[in-house]
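Worksheet: one structure, shown below.
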Amino acid sequence: MPRRNQTKQHSRLVVDIPCKRKKRFNSEAKALETAEQATEVTLKVYKCPYCKGWHLSSAV
Ligand SMILES: [Zn+2]
């Protein structure tokens, strides 16, 4: 059984991270501040494992 080893080694990680289009905050405080300003929706602040930043997600 022929097996191809495709081990491309890129120096840069080209992963389509889900947070790419999200607004990122550098600190939890900044994210919380923005979340509090949103009056129509309840926003949850969470730390992103991909970019190590903070995002807001609307809590359902
Ligand atoms: Zn992120």
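What follows draws every value from the coordinates through simple rules; no lab data is involved. Here the structure is a predicted model, which is why all the values come from computation and not from measurement. When we count neighbours, we look across all protein chains shown, and the Cβ atoms used for this are built from the backbone with ideal geometry, even at glycine.
Here are the numbers:
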quantity: Around residue 17: net Lys/Arg minus Asp/Glu count, Cβ-Cβ under 12 Å; calculated: +4
quantity: Within region 23-57, GluC sites (Glu not before Pro) in DSSP loop having at most 16 other beta-carbon neighbours inside 10 Å; calculated: 40
quantity: 13 Å beta-carbon shell around residue 32, net charge (K/R +1, D/E -1); calculated: 0
quantity: Simple spin-label estimate for residue 32 and residue 17 in nanometres, 7 Å along Cα-Cβ; calculated: 2.3 nm
quantity: Environment charge of residue 56, counting only residues whose C-beta is closer than 14 Å and scoring Lys/Arg +1, Asp/Glu -1; calculated: +3
